1. What translational diffusion coefficient, to the nearest whole µm²/s, does region 100-156 have by Stokes-Einstein, given a Kirkwood radius computed over alpha-carbon pairs, a temperature of 4 °C and 1.567 mPa s viscosity?
2. Got a sec to turn the phi values of region 224-238 into Karplus ³J(HN,Hα) couplings, 6.51 cos²θ - 1.76 cosθ + 1.60 with θ = phi - 60°, whole Hz, x for Gly and Pro?
3. Take Lys92 and Ala390, extend 7 Å from each Cα along the Cα→Cβ direction, and tell me the distance between the two endpoints in nm.
4. Figure the gain on full extension for Lys115 and Glu52 (residue separation times 0.36 nm, minus the Cα-Cα span) and round it to one decimal in nm.
5. Distance between Cα centroids, region 319-382 to region 143-178: provide it in whole Å.
6. Near Lys115, which aspartates and glutamates are there with a Cα under 16 Å away, not counting those fewer than 8 places off in the same chain?
7. Could you tell me the calculated FRET efficiency between Gln107 and Asp224, based on Cβ-Cβ distance and R0 = 35 angstrom, to the nearest 0.05?
8. Run the quick spin-label model on Thr371 and Ala37: label points 7 Å from Cα toward the beta carbon, then report their separation in nm to one decimal.
Amino acid sequence: MPQRFAGLVLLTAVVTGTTAIVAARAQAGGEQVRVSAMTVHEWGTFTSVAGETGQAIQWTPLDRPSDLPCFVTLLNPTTIKVGPKGYLPSVKATVRMETPVLYFYSQSDETARVKVGFPQGLITEWYPQAVVPPVTPWMDLYTNTGSIEWPEVTVRPGATATLPDERDGSHYYAARETDASIVQVAGQNEKFLFYRGLASFPVSVYAHSRADGSIEVRNTGLHDIGDMILFENYGGRIAFRVLGRLKDSTRVFRPTSGDLASLRNTLQELLVANGLYPREAAAMLETWRESWFTEGTRLFYLVPQATVDAILPLQIEPRPAQVARVFVGRLEVITPATENAVLEAIHKNDGMALTAHSRFLEPIVQRILSTRPAELDQTSAQLALRTIAAWYATAEHSCR
């Protein structure tokens with residue numbers, strides 16, 4: 001029986017602990033803390049959509065069938081309003097937390113307890129089996145405190161194990177292409193701990209598209225934003241611009257040149273420079289190869305260490321000698337060029353062009369209805385959304 005229904009914002013944070021395997025006293029309460037020689041690396045993505053003022057808005061991240069293998073557990077469809085296949089299309093959020101994976105490296109077998117908190121968030125998918133708090137139908141992301149815990153993770157360096165593989169073409173499997181140790185939880189084997197979620201925490205990066213074609217980028221957080229890249233793809237024309245770090249605000253015009261190979265090399269270098277091993281960086285890029293570089297304009301940015309730790313407080317016992325957490329913020333920017341492309345596709349009833357915008361079509365259409373009502377009526381807008389919904393239905397991955 002598939003386990004999917006069995007239980008229902010570019011780069012990094014690096015936290016380094018002691019390298020000695022000794023017992024240490026915690027500063028609070030004199031609690032004994034065990035320290036191991038393990039190294040733990042994590043990468044993930046925070047995806048959001050910029051509104052008319054540049055601030056991240058609520059959208060519906062789970063408006064399409066799951067792209068994950070059937071052995072991955074999905075939040076219990078009996079605990080919250082869901083679509084017919086068990087995913088959560090009705091839940092709106094400001095952030096889709098996508099595919100954080102935790103890798104473990106050790107010279108000897110270790111057993112660890114791993115817990116990730118998620119204030120203002122909800123864990124929606126995971127593997128291997130984990131403990132996730134129950135969710136009520138009246139759950140509010142703004143006040144919910146989500147979490148996920150693996151009480152007993154066995155790290156087995158050098159071990160070989162049969163890993164689940166459904167040969168379904170899912171991008172999930174790319175994350176395995178590293179030198180990380182096998183981890184075992186409740187008899188389930190994998191090369192990492194995997195989880196995903198939804199959240200409504202404030203996104204500290206604003207991106208306001210202006211009429212002259214420029215984009216105003218603002219940092220409203222307490223910490224400098226790391227290296228940023230402005231990317232766009234319109235009709236297959238690729239262009240990007242590296243913006244560097246951001247303390248407060250900057251204004252940038254649309255990029256005019258670039259190609260995917262150069263962009264991937266730039267991203268690879270940044271990921272490695274900020275804590276990932278080369279094979280981990282390659283695995284992250286391969287995981288998102290078909291999603292990061294699709295039609296539209298988006299800003300990739302480095303999520304500050306303190307921000308990651310506040311969003312996803314991580315506890316590992318015994319405490320690893322080193323922990324590197326590398327998270328990429330992805331902010332979709334709805335530019336006039338994007339609006340024009342969608343309007344043209346709607347007027348031509350071009351379903352293929354509409355599907356190029358995928359799960360971001362809904363907020364794009366809502367923006368056009370709000371700012372350019374003379375060019376789009378409600379009937380045409382709803383027809384466009386039904387067109388992409390029908391496309392999803394034909395492409396749906398079944399987990400029966």
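Values quoted throughout were computed directly from the atomic coordinates according to the rules given, and no laboratory measurement underlies them. The structure displayed is predicted, hence computed values, not measured ones. All Cβ positions, even for glycine, are placed from backbone atoms using ideal geometry, and neighbour counts span all protein chains on display.
1. Numbers: Rh = 12.8 Å.
So the translational diffusion coefficient is about 101 µm²/s.
2. 4, 7, x, 3, 10, 9, 9, 10, 8, 9, 10, x, x, 7, 9
3. Simple spin-label model gives 2.6 nm for this pair.
4. Values: separation 63, 0.36 × 63 = 22.68 nm, distance 3.66 nm.
Residue separation times 0.36 nm, minus the Cα-Cα distance, leaves 19.0 nm.
5. Measuring centre to centre over Cα atoms gives 31 Å.
6. Glu42, Glu125, Glu149, Glu152, Asp309, Glu317
7. Working: r = 36 Å, r/R0 = 1.02.
So, using R0 = 35 Å, E works out to roughly 0.45.
8. Simple spin-label model gives 5.7 nm for this pair.
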